[in-house]
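The values are calculated or read from the model by the stated rules, or taken from the named source; none is laboratory data. Fair warning: this is a prediction, and the values are worked out from it, not measured in the lab. When we count neighbours, we look across all protein chains shown, and the Cβ atoms used for this are built from the backbone with ideal geometry, even at glycine.
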Amino acid sequence: MTRNKSKFPNFLMKYGWIILAVLLIYSTFAFFDMVQPFNQDYCKFSNQVKCIDLTYDNNQIQFALRNSGDYDYTDTKIILNNEESNTLELAEKEVCIYSINYNSSRVIKGILTFSYINSESGLRHQEKGKFKLIPR
């Protein structure tokens, strides 16, 4: 009779450290932003350009980007699978909305290219970013 009562504590003593190790590894990855939530939209660029929000409505993906750099950007646009967004001026610490036409009913996931001209130097730059969007 006492043998049946001791099965659960024996299981915890035997496999509990494995469960703790897996949880510790996952939380370390989550802390360093190496894993993404399963059912959540996300958008990432570099430290110079921050993606604040993104939505999908009427076959258009809209990205809200903030210029976190120390200078203005001119002739800015987002490129996704050879589709270009509207071209805007993005002043220092300003937020702009970029729109790209895209028709999908499934999860949209991919690599974005943010193209801009540095207003101080006049040179064109491109930064890669990634995103995941679940149409609702």
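Details
- Those residues of the stretch 64-118 which are over 22 Å from residue 41 (Cβ atoms) and of a type in the set (D, E, K, R), in sequence order: 70, 72, 75, 89, 92, 93, 94
- Of all the listed residues (78, 100), the sole one being in contact with an Asp or Glu (Cβ under 7 Å, 6 or more places away or on another chain), part of a strand (DSSP E or B) and either closer than 16 Å to residue 55 by Cα or at pLDDT below 85 (or both) is 100.
- Where residue 122 falls short, out of the listed (1) modelled with pLDDT of 85 or more; (2) touching a Ser or Thr at 6+ places or on another chain (Cβ under 8 Å): (2)
- Single residue of the stretch 81-97 satisfying the filter (under 16 Å from residue 55 (Cα atoms) and of a type outside the set (S, T, N, Q)) that is surrounded by the fewest Cβ atoms within 10 Å (Cβ to Cβ): 95
- Selection status of residue 25, exposed (fewer than 10 other Cβ atoms within 10 Å of the Cβ), modelled with pLDDT of 85 or more and not in a strand (DSSP E or B): no
- Some residue of the stretch 126-134 being surrounded by 15 or more Cβ atoms within 10 Å (Cβ to Cβ) and charged (D, E, K, R): yes
- Qualifying residue in the stretch 23-41 (condition: of a type outside the set (D, E, K, R), more than 14 Å from residue 130 (Cα to Cα) and touching a strand residue (DSSP E or B) at 6+ places or on another chain (Cβ under 8 Å)): no
- Every residue from the stretch 40-72 that is among the polar types (S, T, N, Q) and either part of a loop (DSSP other than H, G, I, E, B) or more than 15 Å from the chain's Cα centre (by Cα) (or both): 40, 46, 47, 48, 58, 59, 60, 67, 68
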